[in-house]
Amino acid sequence: MRGGERNGASATVVLVEGESDRLAVETLAARLGCDLVAADATVVSMGGVTNLRRHLAELSAAPVRPRVLGLFDAGELAYVHAVVERDGLRDAGAGIGAGGGTPGTLAGLASLGYFACEPDLEGELIRALGTDRVEQLLAEHGELTRFRGFQQQPAQRSRATDAQLRRFMGTHSGRKARFAPILVDALEESRIPVALAALVAAVGDGAA
């Protein structure tokens, strides 16, 4: 099952912003031994967080409402909170618990099964790996020369390396999606970002 497409109903639907997020979640789930098929879970790329309301509305209309989990960028907190409060399927038992955090906060949304990357997926992975390791991976996959050229652009010269790397990942169509699994596979287990680990754990909890 690929991003945005579901073959039949799933007991758990994980909504993510884009293809890179979907691939990262699927890669991490496989690495941590969370079988998404056995868990009857589908990861769906929404094509942007602004499509969250539409996806939740479609899931609300399903004959059997699924449990819904999500991954989003921390900067989208206010929007995601507003949509989840109105359309979050909580009356159908969605989320991973009740009363686990203050409404309108990152902890509050996490208690409902919506986890935030700070500031985004790429930022989480670059921070977890360190810039030297990310540059090493760029070299291994033929992108370091392009990155060195990108660093010399006037708008980039004064920026920190981690910020340059985040921006570089988004400058070419498909680069984020290409590198998301590579970066996840390179993580030491102790350095797996909290949001991603919590999301995969929530998927597994739903299958228990």
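Couple of notes before you dig in:
- Restricting the stretch 147-166 to residues that are assigned to a helix (DSSP H, G or I) and free of Cβ contacts under 8 Å to residues at least 12 places away in the same chain, the residue that is surrounded by the most Cβ atoms within 10 Å (Cβ to Cβ): Ala163
- Any hit, the stretch 29-43, residues being farther than 17 Å from Val16 by Cβ and of a type in the set (A, V, I, L, M): yes
- Taking the conditions (1) part of a loop (DSSP other than H, G, I, E, B); (2) open to solvent by 30 Å² or more (accessible area, probe 1.4 Å) in turn, Gly75 satisfies each one other than (1).
- Count - residues of the stretch 167-188 that are at pLDDT 95 or above, open to solvent by 90 Å² or more (accessible area, probe 1.4 Å) and farther than 16 Å from Pro119 by Cβ: 3
- Within the stretch 132-146, the set of residues being open to solvent by less than 100 Å² (accessible area, probe 1.4 Å) and more than 26 Å from the chain's Cα centre (by Cα) is empty.
- The set of residues in the stretch 121-141 being of a type in the set (Val, Ile, Thr) and touching a Lys or Arg at 6+ places or on another chain (Cβ under 9 Å) consists of Ile126 alone.
- The C-beta contact set for the stretch 34-60 (first residue in contact (Cβ under 8 Å) with a residue 12 or more places away in the chain and acidic (Asp, Glu), second residue outside any strand (DSSP E or B) and open to solvent by 10 Å² or more (accessible area, probe 1.4 Å), distance under 6 angstrom, 6+ apart or interchain) comprises Asp40/Ser10; Asp40/Ala11.
- Residues satisfying the stated conditions in the stretch 50-64, i.e. assigned to a helix (DSSP H, G or I) and surrounded by 14 or more Cβ atoms within 10 Å (Cβ to Cβ): Asn51, Leu52, Arg53, His55, Leu56, Leu59, Ser60
The values are calculated or read from the model by the stated rules, or taken from the named source; none is laboratory data. Just so it is clear, the model here is predicted, and its values are computed rather than measured. Here the Cβ is made from the backbone with ideal geometry for all residues, glycine too, and neighbour counts use every protein chain on show. These area figures cover heavy atoms from the full protein model, side chains too; ligands, DNA and RNA do not enter into them. Shrake-Rupley method; radii C 1.70, N 1.55, O 1.52, S 1.80 Å.
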